[in-house]
1. Could you give me the radius of gyration and the Dmax of the range 546-594, taking only the C-alpha atoms into account and expressing both in angstrom?
2. So what's the back-of-envelope 222 nm ellipticity for the chain, counting only DSSP H runs of four-plus at -39500 (n - 2.57) apiece and dividing by all residues, rounded to 500?
3. Rounded to two decimals, what ratio of Rg to Rh does the range 88-242 give with C-alpha atoms and a Kirkwood Rh?
4. Pull out the extension gain between Arg301 and Lys625, defined as 0.36 nm times the separation in residues minus the alpha carbon to alpha carbon distance; nm, one decimal.
5. Relative to the present Cα-Cα distance, how much length would full extension add between Gln267 and Asp97 at 0.36 nm per residue of separation?
6. Please report, as a whole percent, how much of the solvent-accessible surface of the chain comes from carbon and sulfur atoms (probe radius 1.4 Å).
7. Remind me, what semi-axes does the range 153-261 give for its equivalent ellipsoid, largest first in whole Å, using sqrt of 5 times each Cα gyration tensor eigenvalue?
8. Evaluate 2.2 N^0.38 Å with N set to the residue count of the range 429-505, then give the Cα radius of gyration divided by it.
Amino acid sequence: MSLVDSDDTCTLPKLLARNARQWPTEAAMREKDRGIWRTYTWADYHGHVRDFALGLAALGFRRGDKLTVIGDNRPRLYAAQLAAAALGGYSVPVYQDSIAAELVYVLNHAEVSFIVAEDQEQVDKILSLKDQLSNLKWLIYDDPRGMLGYADVAVIKAFSDVEEAGRAFAGKNAGYFEAELAKGRADDIAMIAYTSGTTGNPKGVMLSHRNMITVSEAFVESEGIRRGDNWLSYLPMAWVGDTTFSIGVGLVAGITANCPESPETVQRDLRELGPSGLVAPPRIWENMLTAIQVRATDASRFKRRLFETFRALAERVELLRSEGKPVPLPQRLAYAVGEFLVYGPVRDQLGLRKARTCYTGGAPLGPDNFRFFRSFGINLKQVYGATEASALIAVQPDGEANPDTVGRTLPGVQIRVDEGGEVLVSGGNIFRGYYKQEDITRDTVTSDGWLKTGDAGFVDPRGHLAIIDRAKDVGKLVDGTPFAPQFVENKLKFSPYIREAVAFGDQRPFVAAMISVDINTVGNWAERNDLPYTSYMDLTRKPEVAKLILEEIGKCNAGLPPAAQVQRFLLLNKELDADDAEMTRTRKVRRRFVAEKYASVIDAFYGGAANVEVTVEITFEDGRKSMLRSVIDIHDVSVPPALRAAA
């Protein structure tokens, strides 16, 4: 029987109460502060939620009200969301690095009246927008450092003061919290998760307790998650995946969520913790791979040759395993030596020596990157999901992981592919609709309740779902050759020197790409080669850097079909940035916007120009804007036949 079928466990706060009764002294959360890990038991966790919920009630929070959290991952911010849910309210987490316009839109659209901010930085950000937030009643802060001068601001309260007010409120209203908790039902809205906004303004996805609990139960059953497992809670709290894993799976399975000290210390904290599992988007895995490649390049000649030798061996072994072929005894013995000399130490440096399973999702991870980690003994698997599906739809089973699919659907989830190739999903994880956008909801969910994912895909003979690309992004070259830009981009991003790539080719005679270099790795390369530079723009203008990227694209092209090979490229004079709306907060390229913004570049690619003048608008976090103008060279990998004919 599902947890949502019992009145005692049908909501997330009720699950917390169950855990506090059954495992009161076991670790529910940890937080690293000033270098020390502090543990909160399930009883502690429940106590914070109860006291804060009563404090909210004392401040006027009522059923249906909305509460936002903004900041890095902190136990009190998770507790605040459950406190709102316990009173019948909704949580509306937002990205802590959102610019002013994004925050104002979400907070006003969701009619948020209570905001819980991590620290002074986030408090200042909200206060700077206060006149634009018509629904704001209270701004509550967690970290008191730097907050002494804010005592006279009428709307501000400390988290600890709200909890104290809650305890006083309980003394006068005995049983209030328990009565409100008992009113909760599985189909009540638990949170409004705003989408990343790849095609326009974010949409508010309404997810119920049933959605969150159902998908968490399915994941726990499928993946064998155990009570007491350690997971690192470091991804943005506004991303629905963090809510699903840190709150949903945490409450359902009784795992321990661990909050790192800061984004800058995640890698160090990861090594200290040694988690049982890790969820990371492709960008994190790409950064890890880049760091490994850079360290190998900087090592002595002997260590570099040792690394490359065992890396090549690991890739051969992984290919045999993935194809279901036996690994010859000599290679098995050599791999065992590599485990001692290379693979184990690398996993230890990454903090993944104890990890049973690791996951990548949110966007495709390139096949070369995927195979690299698996070949080094990391059980990396792809997951597939959507905000509207409570983050999870499919996951690869152990022993069946490969870079070409996203695995089998979770228990209770069904998929079908329509005549246009779009993947549709049905199950208890499908959202309740978009907040205040019923017309868009009708366009997204079929009349019989199937969610249109917007992804093109198919089901292979083994029953695995394979995602090709976003349905609207899949196209063809003028000669009819299929063109999937993400496939080309992921190949390019295997290079440690390429941070982002945007490929063009739909209805064009050949493939061209805009490249955003990795400032750290290319900068280190420049220093090793005595190449001085002053800025990102100056670095990308160096002919030596263009030659470096040309060589990397040549390596990429060697693994691509002739028609999909990149023929021309340009090095962007700035990084693609979410603040400039070129990417979402989850690091997905907003293709339509980028194509419009860089239309002159696309025209130059296919018009045969040797350079192009680019003028782009730069947005700062406080909303200020400036213009960046420059002439950028276009480089030929090989002169495309279409341009030779035109010449």
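1. Considering the range 546-594 through its Cα atoms, Rg and Dmax are 13.6, 36 Å.
2. -11000 deg cm²/dmol
3. On the way: Rg = 17.8 Å, Rh = 18.0 Å.
Rg divided by Rh gives 0.99.
4. Residue separation times 0.36 nm, minus the Cα-Cα distance, leaves 111.9 nm.
5. On the way: separation 170, 0.36 × 170 = 61.20 nm, distance 1.99 nm.
Extra length available between Gln267 and Asp97 comes to 59.2 nm.
6. Working: 13590 of 26800 Å².
Result for the chain: 51 percent of the exposed heavy-atom area is carbon or sulfur.
7. They are 28, 21, 17 Å, listed from largest to smallest.
8. 1.46
The values are calculated or read from the model by the stated rules, or taken from the named source; none is laboratory data. Since this is a predicted model, take the numbers as computed values, not measurements. Glycine gets a Cβ as well: all are built from the backbone with ideal geometry, and neighbour counts include every protein chain shown. To get the accessible areas, we keep the full protein, side chains included, count just its heavy atoms, and leave off ligands, DNA and RNA. Shrake-Rupley method; radii C 1.70, N 1.55, O 1.52, S 1.80 Å.
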